[in-house]
Each structure stands twice: as structure tokens, then as C-alpha cells.
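Have a look at the structure below, then the notes.
Computed from the coordinates by the stated procedures, all read-outs in this text should not be read as laboratory data. Just so it is clear, the structure is predicted and the values come from calculations on it, not from any experiment. Note that each Cβ is placed from the backbone with ideal geometry, even for glycine, and that neighbours are counted across all protein chains shown.
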């Protein structure tokens, strides 16, 4: 919005307004993204300042939090000194350090938003929001509802406002009590400008008023705006626009004023005394903000420094084994970090890789009997392929307790006296002995284990809509080739190569989609793993690949699998296709996996205070599994909490470090990509996916009330698209407190193993990618593959970095460590 | 056997008191004490009920523990156990037991873990007192505890705006229900000339004999009971409070607003059935109320697009049916229906977050796109009209606002010009005048004298309305409540000449609570400089202990059963004669607003979004 805009340009104002509103998808497609995406064109700290000053968000921890972290030793004194000296000059170190540690500041948070609209309350003694919001939320909620109401909004195909118009025209009652308002609507005199003229009267204030109005309920406004731009996000399509929503709200506002004051009220311009400061007026910096900035930097670098020191200190390559027992590809997800460590520990001859969990195959998936297609690849990609599930065996279970019949009068009468008693029973059972039920979201339900998939396309004309059913051999070759090259697996193939997709299980969890694989648009990655394995096993594909120089021995078989990160269980697909010898090997490997799963769940359990970590791993594993099916467990798993790193490079870089499940790991071998061709493709999604996850956790953590969803315990599901508190609250985008409470709000540190100039070239590939790094939303460090020299990316160039940490503790026995505390660990060297 | 009944109160009382003193970080012990005391209650109940059943399920009554006694007045506690008690006690104990275990994990790490368990235990205590009560007085104690603990549970997330606002809303409806009981008690004192026990109500001859000459008294009492029951069970026209009560953590909403709390109106009707059994007009009214509620709530439930409000309205509709069943005399069916409905709604609310994944999966596999039929016909128009009305919840919420709260606020606003000084002067004049008049009472002609109680009552009412609408001065608002109480005692003093000890008993609690309140204000003012009532300030964030202390002061002042004022309140009512309907009305409206004014002060000062924004504070719309 330009300052001092004289004329109200509706299109422009709405366009910018939409940009600032939360952009969270409906619950079924929970996709992590940078909460402050609208400010991403600014430097990180400028963005925080602006967002805080304009919209009143708390964008960092509070001063006191940092001081506590410092006194706990979580913020390192040496790093603090270095950060202050670097930013303020070594001569000012003492002065600034004193400010950081002791000075008192008035840190009342005030915001520009809402000041104009507050005049209804201040000057008219009229609580506009209390009069307008309940009806507004209820109407838009009913309109967008995806299947909670038994009686749907009666008109829906015409667009929101037209539907309301139709409803008004066709019924004997009215939403509005004011005759004038009804007339405005029916006579088509409801342009935004016209309505604002009635309410405000002064064109220079219109834009600001609309911001005030929409940010008084940014949850619903954001949802409306998102659905407008992504109509496919709803299975039951709804035609709505922010424009219609604003018009409806303005009408409700005039209606409320008419109700209260009759004709005796004047537009705001006639009563307003002081014009509030325009929202986007430049913002002054304060000393407190600089102090906070220094603290945040020190907090981040206290951790990063250990990691970088670890990379320097940990043993570099000891030996190269040529024959591997098996290879396993996992998702880059930070939750897979520890299971890889255990799998490697249990079998020294194996090798693990990390790659985005859709395994480079992008398609829509249509399960048997499904009425829709589900996208299984990163959200921004628009696939042209369709994979269908056929020949399933299992049946879907139902649960009558969710039946809507219990809400109607007479069937409710019968149900409450029959089913009512069984629900008492069910409740008691679930409390004392939780088990799977039809309501449990389980990653294994995503695809029937024994089903078949239509993966190969034999006829290009075989289409469904614009989607081609399956991939042709050539299309498969491209994908297999790209995947294997990007992770550096082009020789020394083991007899078995596992592809582990991942997913999660939970019950009573509205945010379940956020627990699955982010690279698969918030779905489990089982289908992708299976599809990719099929392609890599395909005879013709291998023939063509061999011609290109990528030889996969005949004895090598790829096998798709799914790792459930909540229950720590695995499922393998198409096992019957394995060669006899491989079958045996597979059975052996399964023992390894099982052991790793027990150990992994034990490691995870240290964060679950109510689970006794000190028990044997098998026993802990049972407890962890119970959590996923317990109605009363708001933390089935902790998801991406504590994520802080992303490492792109060979496994050796961090294999001998204990990173406490805090790192995204993307395998990459610079030696086969000296030009950085694959690197560009690897780095492209790191920003939106890993950076998005990291920043959503960051902001939900620092302001859980305004940028997060608050505690999930009182949440009420609205129309299957969002959650709100109580029945007339605003939608709550962001993450609930149970997901972020153990998270340390620090930015992502991306560590890439390659030469700086190649990395520079790779991030310069597109301005969107570059923005993440140049504006410091993600820190970037290069590791020279030859001598492990570290350089950090600052203001467009790489500069040398020498870690302050000189030594790290080495551990060799994990159990004692894991049982010791539920807090975050420092970085350790790990003697594998 | 009777002696055991009181254990059903003593165990939860003990549990509640123990959870009060455990440190708030000791999650394990807090939940352990809670579910152990519930577990003991459940075990005891099971054993007792078997024994009771094999002894022929007799009606038990534990007689009269006298709390307070004067020549012509007694305040008795009385316990009672029959089929209705058994069912209610079982459902309540069983569900609370499950929910305490459930919440042990669910609430883990939640700020206010202890507060939650305290309140749940307090609620359960109130529930037990109510269901085992043997007379109106005992029942009223439980009833009041239910009201306050509901307020505290709804406003559990006290740092946000909506929970606090809705807690006040629900509390105000409950308050109307309380007055129904107070008036019913008042009239039945006059009808029976004693504290009638529910046991005696079963005596058909006795009831019949008393009602024969006072049929309108019978109707009055029944209607008051009905108002009370309708308010508590969210029947027409009070329905809109129930969905709005769903602000606390899901388990508390599930158990209290899904099942226990909302069925207390049903309990009251069942308990007093033998009293109005032969008043056919009353039975017709109850049935009609049930039918209207059932229809309206079913329609409203059908259009709800949020899970919890859908369950709430569906539950209200079933309770409407239960009202009908009771009015037809199907006691056992009503009990059965109550238990089933309570279990079902508790479970549905507890699993309500699962609805997202479950229904989306349903939709994914079974979706049928809707067809659009464009037609303009009468049925269509009626259909749209009903849809719109249901979406607006049949204007019930708006109706309460417009016709109940707005008039009070308007009267208050008219008194805006009065400042502290003016009020002090007016009050002094009235008080001195009143005391003089009382002293020279015999010189006042009867024609004037007979209006004096109403007059002073009216002054008191005006004071409390002013208190309720005061926006600036906290001290003034608080003082006005005290003034109201003094006016009421003065007004009743003209009525009958009773010992000053009665007034003293009444006022002693008031003054003690009043002083405690002033003390809290002074401390708060010292720390925060400015305090007023213009908005919510949320000071409990920084001063949780002070908030608790002030809550005690408010409870004391509003005649909650922790102070002698509670008995005094009942006493005051006995001194209102049966032909003084106006006075009874004035005093009871006073009591309603009195409680609201106090909760308003408490909420504005201590609840809501914290005014100091150094930490994250929720949006107003959250």
C-alpha cells in the first residue's frame, strides 16, 4: 500500500491485503510455509520489526527469555562477545553487553493495526466486533462447510455474495434487521466503495479501514483468500472471494450501527479527531530491537557454532567399503535423522541416503473407490500423471458414533439410548487400553499393502482428464536417473535398495496432515516409494540407464517401504517379487530395522515425560505405540519440533555426530556434479520446504497466540477446514502449542558440501531461491569438500568462518545419554 | 445405611481440599489425588448400590443436620437417596472418573493444570451435593457450587477474551436459574412453614392437603422450579448458552456441558416430580417447553457447521424430549434416556477432533456433488426462511441481550451522571432516613409503612444496577454492591421484627468480604497505579494469588456457601411475606444483578487478555 494514497483503488488494495493475510490451507492439506511470507522481500530482522510494529505480532523471544537462556548456558558467552563485536565494533562490546544483560526496557508491544477501527468503541461506545463477528463467522463457516452440517447452505453454486442475495430474496426473514441494508444488497448498491462511503466517508482512510477490519479476524479472512486462490483445496468446491466476504462484513457493520443508533449515526470521518498513523509508514528502529537482534544472533550461533565445529572435528573418511549389505533411502525429514543412525549402527556395512520423500516422482494418486485425486509431491508442483490403486483387499471400517443421525431428533432418541451406552464402554476401553479404531489416522491406511498400482503407461493416450495414467518407460528413466544422481548412488549397488517413505499415525488430531511427509503435500510417502521402486526395477528402464552409463546389476532389487514416524513401524511392499536370495537378505535386514525401530522410539521417548524412558527399548516402543492411538494424547509425536539444520552433502560429513534429530539430511555427492546441475535442483525446494517448516515453527513458537494456534485442547473443528476456540472464535492458523513447546526458535542453517562458487551459482538460479539466503531467512554455510574449510554466506559473498568451539565431547554409548534428560542436547561427536 | 450417604460428599470434599494445597508443578500428585478420590467414590458407590438394591432399593433419607437455628427458623442439611440419586451419582462419578484419567495426560504441561483439577473436583463436589440433597437448602448449596465452577471452567483460558465473555454470559443465565430456586424456596417456606424435605414431598396426602387451599402457590413454586430447570438444562428460551460454554479444554466441555451440568435441570424436575405431579397445567407447560425446545434445537443443530455446537444443540434437543418424558410421568425412561444421552455426548465431544480425518475420508470416498435446483416456490421459501432462522439460532441469543440485559444497561446509563460523592450523599440520606423511620416505625401511618420495604428494596436495586454498569470507578462499583445489601436488610427490617442477629449474620459475611475486596483493590492499585472497569485487564497473569483472593471476596459478598451470608440470604427471603410478590421480585432481581456485578468486577480486573503486552496475547476474536 502506498502511503497517502488519495484514491481508493479497490483492486490494488485487495490484492495487497490478500498478500498479508495468513495463507494456510484447509486442514486436510496442512502445508508448512513461512508464516510471514508477505515480508520475505525484506531482510529477516527488518521483516520482524515491520510485522511486529504493523500487525502487533511478537516476532522474537522476549528479552527475559534470552537472559534466562544465557544464564542456563544455552547462549554461549564467547559467541555472544563475538556477535556483539562483529555488529557493534569491539570497542563498544562492554557497553552493549551491559545493555543486553542488564538494561531495563519498556517492551510493551503496540501495533498500528486496528487503530482506525477502534474509533467505533472509543467515540461511539459501540462494540462493533461483538455485534458483527458471530454472524459473520457463522455464515461464512456454513457456506464453506465441507460436511459437518446436516443441512448445508441452501444455495452454493453462485458465489458467496450472490448466494446470500438469493437467500435474502427468497426467504421471509433476513440476516439483516436494518431495512436499509437489505435494500442496499437487493438493489445492487453494495460496492465496497459505496459501503465504505456510508461507514467512513473519507476515501483516504478506506484502505486502512479494510486492513483493520480483516485483521480483526485474520483466520477467516486468510481462509477465504486461500480458497479463492486455490478452489481445489476443498473437495466440495465453494466459490468465494475476499471481495464478497468484505462486502458482507461491511453490510453487517452498517446493519449493526443501524440497529444500535437508528438513523442517528454519522460516518467516522465526521467524528474522528486524530487520524491514526498509516500502517506502512516507515518504521523507526529502537535500541531494544537491536538488543533483541544481537541476542537472537547469539542464540542461533551458539548452536550453529557447535555444529560447524563438529564438522571440522569429526573424523573424515576412514575407509571405503566397496560391497554394501544394503542401501536405504529415507526422506530428508529431520525425524528420519535418528533412525538412520541406528540402522547404520546395527549394520556397519549398510549405507543410508536422504532425499525428499516423494523420490522424484510427481503424480496424483487415486485410491480404489476414491472420488478424488490426491497430490503426492511438493505442493508447488503440478503433476501431469495419475497413479491408480486397483485390486485392493481390505475394507473400510465405519463408526456409528460419528453418524450424523444422532443429531436429529428421533433417531437421536433411539441412538442416545442404545449407542449411548456403548460409547461409555468404548470410552472406558480407550482410556484403559487404547487400540486402533476407524477414527485413527494411520499412515498404513493410505494405500492397501496388497493392492496393485497402475504405474506403467503403455499408451500415451490413456488419460483421465488432462492426467496421463502412469509413466512411460522414457519418463521413468529420467526420474530414476535424476534420483540416483542427486544422491550420488551410481555404483556399488547392494543387493537390496530400500526406499522408505514416511507417514504418521494419530487420533483426535486435527492437524494430522502436518505430521505426514511434507514433500508429498502432507501425505504418507508409501505410494511414491513403491512407484519409484517399480521404475528402478523395470527391466527396460535399466537397459536404457545402462546405455547411459548407469549400470544397476541384475541382482539388485529396489523395494518400497513406509516408516511410520509416530509408531515407529515399517511396512514393505511387493516383497513377493524379491529373488530368493534377496528374500533371505531381506529377512535379515528386517531384524536390523526392528531393532532400530525399538531404539529409535526409545530415543524419541525422552521428550515424552509421561513415558518411562529408562525401560528396555522394546517396552518403551510399546508405550510409544499406545500414544498414537490414545484419544487423550495431544502429542502423538513431536513432529518437526527442534529442527534447525539442513545438511546437503555426503553422509560422512555428519555420520560421526550426534545431531539429536534436529537436521534435515539430503545426500549429495559433489564429485559427480562438479557443475552443480543437481545441486540447483536440490536447493530449489530447500527454501520453501525446509525453510517453510523451520519458520512456521519459529513463528508459532515466539507468538503462539497470534501466529500459532494456541493450545489445541479447546479447539473446535469448523467445517472440516480449520479450528477455532469455542463456537464463535476466529479460525486459528499456525501450529498448536503442543507441537512447538520444545522448539528452539532459531533459523535454519543450511550446510552445503561444495565449492562456494558452485553454491553461489546454484542459489542464483532463481530470484525466489536467492531471496531466502540474501535476506537471511536461512543461514548458508559452505563446506569445502577438500579441506572442510567453512565459509558463511553474507551479503552476497562467502566469507571465512572459524568456529569458536574448540572441542566437543565424544560419546559412544547412547542409552545413558538419552535417559539423562528431556532437554535439548548440545552437539556431540559420536563414536559409531 | 443412611450414614453412608454423606460419604458421597465427604470423599470429593476431601479430594478437592487436598488438590487445593498441592503445589501446581506436581502434576502427578494432583491427578493422582483426583482420580483416587473419584475411584474410591466409584468403588464405594458400587458396593453401596448393590447392598441397597438387594435390600429392596428403599428410599433413604439422612435426617437434618442443623447448621443454624433460631426460634422460628432452621437451616438444615438433609440427604436423600433413591433411584434418581443412584442413576445420577453413577453417571456422574463414572464419567468424572474417566475424565480425570483422561485429563491427566491430555492436560499435561498445560498452564493451569492444577486449576483445572481443582475446578473439576469442585464441580464434582457440587454435583454430588445436589444429587444427594434431601431438601431445597442443601440442593441450593450444590447448585451454587455448580454455577461458580462452571464459570471457572468456561473461563479456564482466562487470558483470552471470548472464554471470559462467554463465561459471564453463561453465569448470568445460571443466575436466573438460581433465583428460580430461591423464589421456590421462599414460597415453599410459606406453604409448609418449614424446610420441606424431598421425602415429605412424596407424601401425596400431605402435598395434596397443603396445595388444596393454595393452588396458585403450588403453580408459582412449580413454575419457578421449571424456570430454574430450563435455565440449567438450556431449554427454550435459554438454549444459546450451551454451545457458548464450550470454551474450556475439550474434556471439561465434554463431561460438564455435554453431559452432567446440562442434565441438572432434568434432575430438578425428577426430584420435584411428586410435588407438581397433580398440577396438570404445569405438566402441560413442561411438555410444551420440551416440544418447542426439541424442535428449535434440532433445526439449529442441523445447520451448525462446527462440531461442538452441533453436539450441543443435538443434546439440548434430546433433553427437550426428556422433559416431555418426565411430564408424561415416565420417570424410568427419562433416567435411562439421561444416562444414554450423557454418555453419548461425552464420547462424541471427546472424539470431536477426530471428526476431521474421519469425515474427510468419508467425503473422499463417498462424495456426491450437490445438484442445484433453481425454483421459486412456497416450500422453497419456507425452507430458506427456516434455514436462515436456524442459522441465527432463532434469535435466542439476541433476544436475551435485547430484552434482558439492554434494559438493565439502559437504566444504568441513565445514572451515569452520579459520581461517587453524589452517591455517598444520597446513600447516607437514605440510610439515615431509613434508620430513623425504623426507629419511629410506630408513628408512620400504615398506608406509607406498607410501601417502605419495596421502596428501600428499589433503592437497593438501583444501587446494584448502577454498580453493574459502572465503567470507571472500581471502588464505587464494589461499594454500591455493599450499599445494595444494606438496603435489602433495611427493607426487610420493616417487614417483621426479628432479632438483629439475623441481620448481623447476613451483614457480617458481607462486611468481611467487602473489606477483603477493598484490600485487594488497594494492593492492585499500588502495583498498577490505574485500575478501572472500562475493559478486561487480565491481571491474573501477573497476580494469580491476588486474583484468587479477590474471587473469594466476590463469592463471600454474593452469598456463596462459604460465608454466613448464604444462610442470611435464605433468612432474608423467609422474612418476605407471601403477599409481597413485588418485594420478592425486587430482592431477587437484586440478587441476580448483584452476583453479575461482582463477577463483572472480577472478570474485568483479573481476566481477559492481559493489558501488559510483554508476552504473547491472543487476538480478541480468538
Assuming a ≥ b ≥ c are the square roots of the Cα gyration tensor eigenvalues, decide whether the range B:354-420 counts as rounded (a/c under 1.5), prolate (otherwise, with a/b larger than b/c) or oblate.
oblate
Debye sum, Cα scatterers, the range B:415-606, no solvent: what log₁₀ I/I(0) at q = 0.15, 0.19 1/Å?
-0.87, -1.30
Hey, got the average number of other protein chain Cβ atoms within 10 angstrom for residues in A:372-379?
1
Per residue of A:400-409, what is the mean number of Cβ atoms on other protein chains within 10 angstrom of that residue's Cβ?
6
How compact is the range A:417-571 by the rule of thumb for globular proteins, expressed as Cα Rg over 2.2 N^0.38 Å?
1.36
q = 0.19 Å⁻¹: log10 I(q)/I(0) that the Debye formula gives for the range B:57-208, counting C-alpha atoms only
-1.21
Here the percent of antiparallel bridges among DSSP beta bridges lying wholly in the protein assembly as shown, to the nearest 5, is 50
Fewest-first ordering of A:105, A:697, B:500, B:384 by Cβ atoms within 10 Å yields B:500, A:105, B:384, A:697
Per the C-alpha gyration tensor (a ≥ b ≥ c, the square roots of its eigenvalues), the range B:31-96 is rounded if a/c is under 1.5, else prolate if a/b beats b/c, else oblate; here it's oblate
Alpha-carbon Rg with Dmax, taken over the range A:274-373, Å:
24.4, 78
Counting all Cα-Cα pairs in the range A:610-708, those more than 23 Å apart amount in percent to 50
Rg(Cα)/(2.2 N^0.38 Å) for the protein assembly as shown, N = residue count:
0.98
With Rg and the Kirkwood Rh both taken from Cα atoms, where does Rg over Rh land for the range B:236-356?
0.99
Given all pairs of distinct Cα atoms, the range B:123-187 yields a Kirkwood Rh in Å of 12.3
The Rg/Rh figure for the range B:1-130, Cα atoms and Kirkwood Rh, to two decimals is 1.05
The alpha-carbon center of the range B:545-566 and that of the range B:373-431 are separated, in whole Å, by 29
Whole-Å distance, taken between Cα centres, linking the range B:162-196 and the range B:84-161:
19
With eigenvalues of the C-alpha gyration tensor scaled by 5 and rooted, the range A:1-105, Å:
37, 20, 12
For the range A:468-555, restrict the atom set to alpha-carbon positions and state the Rg and Dmax in Å.
15.7, 52
Any chance you could check the Cα centroid distance between the range A:424-447 and the range A:109-169 for me, in angstrom?
37
Computed D for chain A, Stokes-Einstein, Kirkwood radius over alpha-carbon pairs, 10 °C, 1.306 mPa s, to the nearest µm² per second, is 55
Does anyone have the angle between helix A:218-229 and the longest principal axis of chain A? Alpha-carbon axes, 0 to 90°, nearest 10?
70
How fast does chain B diffuse by Stokes-Einstein, in µm²/s, taking the Kirkwood radius from C-alpha pairs at 20 °C and 1.002 mPa s?
84
Sorting B:205, A:491 on the 10 Å Cβ count, fewest up front, what's the list?
B:205, A:491
For the range A:211-318, the Kirkwood Rh over every pair of distinct alpha carbons, in Å, works out to 20.1
Mean separation of Cα contacts under 8 Å (at least 6 apart) over the residue count of chain B, i.e. the relative contact order in percent, is 13
Calculate how steeply helix A:337-346 sits against the longest principal axis of the alpha-carbon atoms of chain A, using the helix alpha-carbon long axis, and give the answer as 0 to 90 degrees to the nearest 10.
20
Which whole number gives the average count of other chain Cβ atoms within 10 Å of the Cβ atoms across peptide A:278-291?
0
Out of all Cα-Cα pairs in the range B:512-581, roughly what percent, to the nearest whole number, are more than 20 Å apart?
44
What shape does the range B:290-382 take by its C-alpha gyration tensor, where a ≥ b ≥ c are the square roots of the eigenvalues and a/c under 1.5 counts as rounded, a/b above b/c as prolate, and the rest as oblate?
oblate
Taking the Cβ of each residue in A:392, B:300 as the centre, tally the other Cβ atoms inside 10 Å and list the residues starting with the fewest.
A:392, B:300
Using the reciprocal of the averaged 1/r over all distinct C-alpha pairs, how large is the Kirkwood radius of the range B:2-358 in Å?
20.6
Ratio Rg/Rh, restricted to the range B:251-318 and using Cα atoms, in which Rh is the Kirkwood radius
1.06
Helix-only CD estimate at 222 nm, as mean residue ellipticity for chain A, using -39500 (n - 2.57) per DSSP H run (n ≥ 4):
-12500 deg cm²/dmol
